[in-house]
Every structure is written in C-alpha cells, then in structure tokens.
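Scroll down for the structure; my scribbles are underneath it.
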Amino acid sequence: MKHNVLEVKNLTFGYKKEKLLFENFSVFLKQGELKAIVGDSGAGKSTFFELILGNLKPQSGSIKISRVAEIFQDPYSSFHPSYTLLHQIKDVAPLHKLESLLENMNLEYNLLLKLPHELSGGQLQRASIVRAMLMQPQLLLLDEPTSALDNVIQLEVMKMLIKNLDSMGMLLITHDMDLASWCADEIIKI
Ligand SMILES: Nc1ncnc2c1ncn2[C@@H]1O[C@H](COP(=O)(O)OP(=O)(O)OP(=O)(O)O)[C@@H](O)[C@H]1O
C-alpha cells in the first residue's frame, strides 16, 4: 500500500481574516502521485507551499508532511554563486548515489566542478534536481520548475523529474495547463 506523503485537512488561511485564500481546503498526496496546482496569479499557490513548509501557520486545519525537498522556478537562485556545484551538493547529502543520478539527469560529472553561472539554465536546473534527489525526499514541491527554461528543455527536465516519481509524491505549481494535463494525476484549481 502506498502511503500518504502529504495530508492537508480542512485548511483555512488568509493573510487577512476578511480575505481568505483557503477555506476548508483538503489535499492528499500518495507516494508515486503527481498533482498539479493551478490558479490565477494571486490565487495563493506560493502561499500554499509556504503553509506546507511550515513558514506560515493556518488559521485552522492540519498539515502533515513527510521529508520534503523543493525545486524553485529560477535555478540560479537555488545555488550560491561563489561555490562550485559539487561543494553545494555534497553539503546536503551523502554522495553515494551521485553517479547514477547524474546519468539519470544526463549531466557530466565535470560540470559539478564549475560555478553556477558557468552552466546553462537547463543544466543548472538538472543539477538542482540531482541535489533534491540526493536528499531522498518523500514529498517534492515543484514551484514552476521549468518556467525559466526554453520549451524543448522544459519537457526534458519534466521527464527527468518524473523518472523519480516511484519513491515520492510530487506537487507541481504551474501556469501551464498543457503541462499539467500531460503529467498530473489530478489538477487542483485554487
Ligand atoms: N506576506 C504577505 N502578506 C500579505 N499578503 C500577501 C503576502 N504574500 C502574498 N500575499 C497576497 O496573497 C495572495 C496570494 O499570493 P501568492 O503569492 O500565494 O499567489 P500565487 O498564486 O502564487 O501567485 P503567482 O501565480 O502570481 O505567483 C496575493 O493576493 C498576494 O498579494
């Protein structure tokens, strides 16, 4: 039986009491599932991730999460500019799985010896996926992970992410309905 890696029950939250972004909102996510969160600008998508990560407190309801990692929109913001990628990857997790992950993500080891700005956006986003995977999360939060990349690379990066879906659940924020329909088990509109 696949277990829930995220349980959001009857969540109510608003920055101001008179303007609630979520009212009795529930989401359950299992290992091996990918659910997409879509909604207009300002609907509360990023706020939802902040609530899941515990950076904001709900007015009511409960949120239960498993070990979590996050991949951001802009891969350059995921890494410190003045240290090599290898340095920043080995800081988060043991490296024993590195070789197969690099192969999986189609990345040369030598690229890890470079500084972030020496890589292309697509290469760097793949490196940030390698780092997230090394953390062996059970829940992976993806906030527009491919929006800073060009169209061809977007699909390639999403395919590589999905290769890892077996061992975790993924929640994907996206504006791209085509992408959501292509990869998600369920689309949640907020
Ligand atoms: N710290 C804050 N204090 C007060 N209001 C906030 C705060 N952060 C966000 N908001 C408001 O809450 C609403 C939801 O913002 P949020 O960033 O979650 O939306 P979003 O769906 O992620 O939008 P986008 O698609 O544009 O990134 C917006 O109206 C925003 O102005």
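Key figures
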| quantity | calculated |
| --- | --- |
| Number of the condition not met by Pro58 [criteria: (1) away from the ligand (no atom under 16 Å from the Cβ); (2) more than 22 Å from Thr174 (Cα to Cα); (3) not aliphatic (A, V, I, L, M)] | (1) |
| Close pairs from region 26-51: first free of Cβ contacts under 8 Å to residues at least 40 places away in the same chain, partner within 7 Å of the ligand (Cβ to nearest atom), Cβ under 7 Å, at least 6 apart | Thr47/Leu21 |
| Checking Asp91 against (1) within 18 Å of the chain's Cα centre (by Cα); (2) at pLDDT below 90; (3) of a type in the set (Asp, Glu), the condition it does not meet | (1) |
| Filtered residue count, region 8-25, keeping only those that are free of Cβ contacts under 8 Å to residues at least 60 places away in the same chain, in a strand (DSSP E or B) and over 20 Å from the mean Cα position of the chain (by Cα) | 9 |
| Near pairs, Cβ below 9 angstrom, 6+ apart or cross-chain, from region 130-151 (farther than 24 Å from Leu86 by Cβ and away from the ligand (no atom under 16 Å from the Cβ)) to any residue that is among the β-branched types (Val, Ile, Thr) and modelled with pLDDT of 90 or more | Gln138/Val5; Gln138/Ile65; Gln138/Val68; Leu139/Val5; Leu139/Ile52; Leu139/Ile65; Leu139/Val68 |
| Number of positions in region 4-19 that are surrounded by 11 or more Cβ atoms within 10 Å (Cβ to Cβ) and either more than 16 Å from the ligand (Cβ to nearest atom) or at pLDDT below 95 (or both) | 6 |
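The values are calculated or read from the model by the stated rules, or taken from the named source; none is laboratory data. Remember, it's a predicted structure, so these values are computed and weren't measured experimentally. Note: ideal-geometry Cβ built from the backbone for every residue, glycine included; neighbour counts use all protein chains shown.
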